[in-house]
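Working notes for the structure below.
The values are calculated or read from the model by the stated rules, or taken from the named source; none is laboratory data. A quick note: this is a predicted structure, and the numbers were derived from the prediction, not measured. Using ideal geometry, Cβ is built from the backbone for each residue, glycine included, and neighbour counts are taken over all protein chains shown. In case anyone asks, the SASA skips ligands and DNA or RNA and just uses the protein heavy atoms, side chains included. Shrake-Rupley method; radii C 1.70, N 1.55, O 1.52, S 1.80 Å.
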Amino acid sequence: RQPVANFGIDDPALSPRERETLAGQGIGGGLAVPLLIGEERLGLFRLWSRRRGRFPERAVRFAQDLAAQAAQAIDRARLHAALRERADTDGLTRVLNHRAVLETLDGELARHRAAGRSLAILLVDVDDFKLVNDTHGHLVGDRVLRETARLLRGAVRPGDHVGRYGGDEFLVVLTTCDAARAHGVARALLEAARTATIGVGDLRLPLQLSVGVGLAPNDGQTRPELIAFADAAMYAAKEAGGGQVGLEGRVTRSLEQSSFGALIGLVRAVDRK
C-alpha cells in the first residue's frame, strides 16, 4: 500500500504557522496519499477534515484505494494521449502529419466561420529539394526537412499549427489571423531561412523556401479552395525564382481574390500533380 501522511492539527510535527493556517481554514486534520504507478509519482491525493485529529484507519484504507484507482486512470489517459500524439505526428519532422493537419484545418475553419473570424494558411515548399536529395543523399534531405520544421515551429504562436503536407511541403494554420500578420509570419520565416544552413562535410548548404498565403474567407471558404489558392500562390513564388512569398504584388490574374481565382488555382494544382 501507498505511504500516507496522516496528521491532526495538534500534531507536534506541525509548526505554529502551519497550525494557524489550518485553523484559519477550519481544518482539523489532513491525509495525503501519493498517486503511484510503480516507482513513478504522478501526483498527490489529499483529504481534509474539520474534525480535530488524524483520520481513522478505515478512512486511510479508503483513501489509498481511491488514490490507486486515480493513478491508474491518469496513467491510462496519459497512454491514450501518447498514442494519439504518435498517430498524429510525422515521424521525421515531429510536426503534424498530413491527415492530422488537414483535420486540424477543417476544425479551425469551422470554429472561425462560426465566430466570424478570419484565419490564414501558409503552404511552404523547400526550393530545389530534389537536387539536394540527388546530390547529397536522402539523409541530408531529411536534415533539410527537420530544419525547415524547426524554423516553422519557431515562426508561429502557440495556438497555431504546423504540419507536413507532402514530401517537401509544409502546411501552417494561423488561427485568428489577418492578411498583414500572415504575410509578416511568411516574411519572418523567409528571413530565418536565409540565415540557416545545413552542414555537409566542409559545405554549408543554403536553405531557400517558397511560400504561398491563403486567407479565409477572402481566398476560399472551404479547405480545398483555400489550399488551392495557397498552392497556386506558392508555385507563383517558385516560378519567380523562389525564396519569396507568392502574394506580394507578384500574383497572376488567376490568383485574384474570387471564387474563379480559387477554381483556377485548383485546376493548376491538379495539373501539376
Provide the net charge surrounding residue 105, with neighbours chosen by a C-beta distance below 15 Å and charges set as Lys +1, Arg +1, Asp -1, Glu -1.
-3
Using mean Cβ contacts within 10 Å as the protection proxy, how do 215-221, 62-68 order, highest first?
215-221, 62-68
Could you bin all the Cα-Cα distances of the chain into 10 Å bins starting at 0 and give me the percent of pairs in each, rounded to whole numbers?
6, 23, 22, 12, 11, 13, 10, 3, 0
What FRET efficiency would be calculated for the residue pair residue 74, residue 51, taking the C-beta separation as r and a Förster radius of 25 Å, to the nearest 0.05?
0.30
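Restricting to DSSP H runs of at least four residues, report the calculated mean residue ellipticity at 222 nm for the chain, -39500 (n - 2.57) per run over all residues, nearest 500 deg cm²/dmol.
-16000 deg cm²/dmol
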Given a 1.4 Å probe and every protein chain left where it sits, what share in percent of the accessible area of the chain is carbon and sulfur?
54
Among the DSSP H helices of the chain, those whose Cα atoms extend at least 18 Å along the helix axis and whose mean Kyte-Doolittle hydropathy is 0.5 or higher are 259-272
Please tell me the relative contact order of segment 84-223 in percent, rounded to the nearest whole number, where contacts are Cα pairs under 8 Å and at least six residues apart.
34
Considering only protein heavy atoms, what per residue accessible area in square angstrom results for segment 1-135 with a 1.4 angstrom probe?
62
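When averaged across all projection directions, what area in nm² does the alpha-carbon convex hull of segment 1-145 cover?
Details: hull surface 65.8 nm².
Approximately 16.4 nm², given one-decimal rounding.
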